[in-house]
């Protein structure tokens with residue numbers, strides 16, 4: 001237990017975070033790129049076409065992973081909000097703000113690919129059904145956090161307000177997830193569920209698992225990059241950032 | 001845990017629980033208005049308003065699609081396995097429109113009980129399979145084997 005606490009405590013130090021993330025990023029970047037390339041080539045070129053939708057179903061290999069990550073990313077952001085409110089760890093504020101930007105990008109990606117998919121299959125770019133509308137609300141929540149952050153002079157007040165907004169917004173996540181079951185919608189119910197086998201042929205499903213994993217790792221990479229930029233901006237007056245800017249590198253902290 | 005932090009954690013829990021309770025109450029009150037379309041049984045039961053644009057959804061009854069000799073006029077029946085509704089439409093149907101499959105029509109309920117659609121959207125299900133598997137399932141079904149390709153209900 002004490003190991004976990006000391007790890008969390010170190011994670012709260014911007015300098016330690018910057019150094020450790022420098023070590024992780026190349027590996028994570030290669031992993032994300034590899035998984036995405038593998039999954040996308042497999043899904044687009046080698047997986048069989050769908051019996052009913054033909055090749056247009058292949059956008060699923062981007063649409064579903066982006067949607068997955070946009071929902072999971074919201075919980076990450078709200079979790080950072082809890083840590084920020086309760087333990088007042090600065091790095092949690094950084095994660096909250098970075099998570100809003102990356103999450104908004106993922107949600108936008110899910111909405112755009114869904115729209116492109118809707119035209120050849122449903123016959124429309126957009127409808128106001130429960131699933132699509134609640135996803136749009138998610139995008140506005142992410143953008144709302146970003147905007148709210150800018151609305152305050154002090155970083156502490158901004159972080160507090162954003163944490164509360166992201167906590168309130170968590171009610172939207174189960175609504176998005178269950179919207180296709182609770183109400184009649186144009187969007188079909190979930191293909192992948194924890195409680196049963198996916199209603200998708202294994203030859204089509206396996207590349208989807210790979211792109212979903214790839215999107216999760218990509219999310220982590222983008223989040224770390226955004227957080228590092230934010231850390232440098234916040235710590236611009238710290239000596240280690242000055243040394244970094246002068247090209248003197250980042251030495252390990254003495255005494256942890 | 002430090003008392004101050006415990007207090008903050010309680011406030012956080014209160015925010016989440018309060019917001020969830022509020023959302024639950026709102027969506028309970030809205031319930032039916034959250035539906036994207038009416039089912040034919042709801043329309044037969046008089047739940048849908050006449051004289052304004054609504055949506056109706058269900059499965060296209062196999063063999064019910066009738067096209068006019070010339071022009072783009074067509075008609076089909078939509079069912080939810082409880083009631084059926086006649087739909088008239090002039091236009092081009094989406095590629096995925098087919099008998100026995102899901103459809104959502106946007107339009108107006110006519111006094112005679114027919115539905116005049118201005119737009120027809122195809123609904124697809126959550127099952128994905130290669131054409132060969134689809135063929136095999138179809139053959140299995142016609143041969144009377146228990147081939148289940150997933151639940152093809154109204155949603």
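Specify the angular offset, from 0 to 90 degrees and rounded to the nearest 10, of the alpha carbon long axis of helix A:60-87 from the longest principal axis of the alpha carbons in chain A.
Rounded to the nearest ten degrees, it is 30.
In what sequence do A:145, B:60, A:64 fall when counting other Cβ within 10 Å, fewest first?
Working: A:145 27, B:60 23, A:64 20.
Arranged by neighbour count, lowest to highest, A:145, B:60, A:64 become A:64, B:60, A:145.
Most fluctuating residue of B:29, B:39, B:19 in a GNM of chain B with Cα springs under 10 Å: which is it?
So, out of B:29, B:39, B:19, the one fluctuating most is B:19.
If each of residue A:31 and residue B:52 carries a label point 7 Å out from its Cα toward its Cβ, how far apart are those two points in nm?
In this crude spin-label approximation the distance works out to 5.4 nm.
Measure nothing but the geometry: give the 0 to 90° angle between the long axis through the Cα atoms of A:202-234 and the longest principal axis through the Cα atoms of chain A, rounded to 10°.
That helix lies at roughly 30 degrees to the long axis.
So what's the gap between the Cα centers of segment B:9-69 and segment A:86-146, to the nearest angstrom?
After rounding, the separation between the Cα centres reads 23 Å.
Which semi-axis lengths, in whole Å and largest first, follow from the square roots of five times the eigenvalues of the Cα gyration tensor of segment A:18-245? Display every interim value, and only then the final one.
Working: eigenvalues 234, 99, 36 Å².
One finds semi-axes of 34, 22, 13 Å for segment A:18-245.
Sticking with the crude label model, points 7 Å out along Cα→Cβ, report the distance from residue B:64 to residue B:83 in nm, one decimal please.
A separation of 1.3 nm, rounded to one decimal place.
Can you tell me the length gained on complete extension of the stretch residue B:20 to residue B:7, counting 0.36 nm per residue apart and subtracting the Cα distance? Write down the numbers at each step before the final one.
On the way: separation 13, 0.36 × 13 = 4.68 nm, distance 2.00 nm.
This chain segment gains 2.7 nm when fully extended.
Applying 1/(1 + (r/R0)^6) with R0 = 41 Å to the Cβ-Cβ distance of residue B:114 and residue A:128, what FRET efficiency is obtained, to the nearest 0.05? Don't skip to the answer; put the middle values down first.
Working: r = 25 Å, r/R0 = 0.61.
That pair, residue B:114 with residue A:128, gives E of 0.95.
What full-extension length gain, to one decimal in nm, is calculated for residue A:6 and residue A:24 as 0.36 nm per residue of separation minus the Cα-Cα distance? Could the numbers behind the result be given before it?
On the way: separation 18, 0.36 × 18 = 6.48 nm, distance 1.91 nm.
Gain on stretching residue A:6 to residue A:24: 4.6 nm.
Rank these for me by crowding, A:177, B:38, A:149, going from fewest to most other beta carbons within 10 Å.
Working: A:177 15, B:38 24, A:149 19.
By the 10 Å Cβ count, ascending, the order reads A:177, A:149, B:38.
Taking the number of other C-beta atoms within 10 Å as the exposure measure, put A:153, B:108 in order starting with the fewest. Mind dumping the intermediate values first?
Values: A:153 6, B:108 15.
The fewest-first ordering by Cβ neighbours comes to A:153, B:108.
Please find the FRET efficiency linking residue B:132 to residue A:112, where r is the Cβ-Cβ separation and R0 is fixed at 25 Å, and quote it to the nearest 0.05.
Details: r = 32 Å, r/R0 = 1.28.
So, using R0 = 25 Å, E works out to roughly 0.20.
With a 10 Å cut-off between alpha carbons and a GNM built on chain B, which of B:23, B:48, B:75 moves the most?
Most flexible of the set in this elastic network: B:23.
Angle between the Cα long axis of helix A:14-41 and the longest principal axis of chain A, 0 to 90 degrees, nearest 10?
Tilt of helix A:14-41: around 20 degrees.
No value in this document is a laboratory result; all are computed from the given coordinates. The structure displayed is predicted, hence computed values, not measured ones. Note: ideal-geometry Cβ built from the backbone for every residue, glycine included; neighbour counts use all protein chains shown.
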